[in-house]
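For reference, the structure is listed below as structure tokens.
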Amino acid sequence: MMVRRKIACMLIFSLLVCYAVGQNGSNNPDSLLHIKEYPFIIKDSPPSLFTMKQFNQNYLSLYRLSVNELNRAVSPRVSALIQVGMSLITIPITHEEGHRAILTTNHIGSVSNPFFNENLAAYVKGVSDQTLIQLRDTDLPTYIRLHTAGLESDYSLLLSESSLLNWGKEDFNVLGMEFFMRKLNLIAYYFTVAVNRDIELEEEKNELERDIVGHDVFGAIRHLHQPDMPFYRYTQSKDLTTEERRFAKRVGWRSLLNLIDPLLITKTGWEMKNGCRVNGSLGYGMSPFGDYIDEHIWLKARRFNSHVYLRQHQNKVRWFPALGIQMSDIVLTENLKTVFSLHGWMQPEKLDFTTSRSFAGGAVDGKLQYKFPVSTRSRLSAMSADLGIIAKTKGFMTGEAKLDAHLGWYLGLSVFME
């Protein structure tokens, strides 16, 4: 659920950065001349419309296409103002779709209502209490993830945007405003729990009209600590125990780590002597069994781009390490290139919040892309067929639909435009 106090924060922040982003629009006269790639996922795994990864990827490509055309039509400052309005609409949509995607993956129907209602709150609704109780009692990690999936979706999009900006594949006058506002939204949602700010909503009489989880973070924290508590969706800070409030403060203050990011001051990296460019950031989010802290490094090289991360998961009793690397834009032939990722992790046994036992797991994700040149008089220069495969063990992986072991494939296409 997204609530009204964040809108005011987002508006104030956007006014502060609007001028900077508008000025930045003219800092690279050739920025709109190079060929840009816009990937879309047609079929993901599991084959349901839409998985979190599928919706986010398609949204991001459509957003970039729209703003690139907008920048051609209007001045940088006007474009920045329009982008503020776009973000106020699209951020709730992608956030709520993150929640809905978890339900769809688990064969639960729902209705996304991402446009603010009379309480200035956005909902996913249409799910009965009994359905949610059954999910909680039979698959607690997925039920916890249902609470935090909107924030997980926001975080996944921020990582994708960071890669595009740090690798020089998109311009700051296209993604800057979206990046700033989404980052602020993420931090604001988490930080409100540190100061015990309630959403001041009462559950609707008709259970099908209620949001599925209420306040994402308060609900997740309470169910992590009290999985057998009497069922109630709209958890408020006053409902939390002393121990749960301590955990809420941990979440809120740790979320400020997301501010340690050079992209927030429009810095896309530092040049190295060998011609490579490197950038880094810190990140924070919640998981189905607690939370995690990330350290990210992006490298832009002549022949490839890479993203490396270290992650420290924590449940109630101990830390669990993880790491991963993505190698992108590796050219195999003139028309064929590949992207692949490797991930490894230690996570708590049964994804449990209270255990000290752990298990090892990981994932490999690869994509082949074959490009077909297009001879037209338009700015469309090429298209490609994209085929990907992912194999993962049991475990939480940001943006991926399944917590269980999974082998799947996905099909997409990419559009290349000048």
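Taken together, the values in this text are just the output of simple stated rules run on the coordinates, not laboratory data. Here the structure is a predicted model, which means the values were calculated and not measured. A quick note on method: Cβ atoms are made from the backbone with ideal geometry, for glycine too, and the neighbour counts reach across all protein chains shown.
Qualifying trypsin sites (Lys or Arg not before Pro) in the stretch 265-305, where qualification requires a DSSP coil assignment and no more than 10 other C-beta atoms within 10 Å, comprise Lys273, Arg302, Arg303.
Would you mind giving the three semi-axes, in whole Å and largest first, of the ellipsoid equivalent to the chain according to its Cα gyration tensor?
34, 25, 21
Under 11 Å from a label point set 7 Å out along the Cα-to-Cβ vector of Glu243, the amide N atoms of the stretch 299-318 belong to 316-317.
Footprinting exposure proxy ranking of His215, His343, His99, fewest other C-beta atoms within 10 angstrom first, gives His343, His215, His99. Rounded to the nearest 20, the size of the Cβ-charge dipole of the chain about its Cα centre is 1000 debye, with Lys and Arg at +1 and Asp and Glu at -1. Between Gly219, Gly285, Gly275, the residue with the greatest mean-square fluctuation in the GNM of the chain (Cα pairs under 10 Å linked by springs) is Gly275. Straight-line cross-link partners of Lys273 among the lysines, defined as a Cα under 29 Å from its Cα and at least 8 positions apart when in the same chain: Lys36, Lys169, Lys300, Lys337.
Extension gain, Ser378 to Trp319: 0.36 nm times the residue separation minus the Cα-Cα distance gives 15.9 nm. When Trp167, Trp253, Trp270 are arranged by Cβ crowding within 10 Å, least crowded first, meaning fewest neighbours, the order is Trp270, Trp253, Trp167. With kT/(6 pi eta Rh) evaluated at 37 °C and eta = 0.692 mPa s, and Rh the Kirkwood radius from Cα pairs, the stretch 142-188 diffuses with a coefficient of 288 µm²/s according to Stokes-Einstein. Here's the list of lysines a cross-link from Lys249 could span, going by alpha-carbon distance under 23 Å and ignoring same-chain residues fewer than 8 apart: Lys6, Lys183, Lys238, Lys316.
Normalised by 2.2 N^0.38 Å, with N the number of residues, the alpha-carbon radius of gyration of the stretch 64-132 equals 1.49. Here is the P(r) of the stretch 210-290: all C-alpha pair distances, binned every 5 Å from 0, give 3, 13, 19, 16, 12, 9, 8, 7, 6, 4, 3, 1, 0 in whole percents. By the count of other C-beta atoms within 10 Å, a proxy for reagent exposure, Arg182, Arg100 are ordered fewest to most as Arg182, Arg100.
Across the stretch 291-418, the volume of the C-alpha convex hull divided among the residues equals 116 Å³ per residue.
Contact order for the chain, expressed relative to its length and based on alpha carbon pairs under 8 Å spaced 6+ residues apart, stands at 16 percent.
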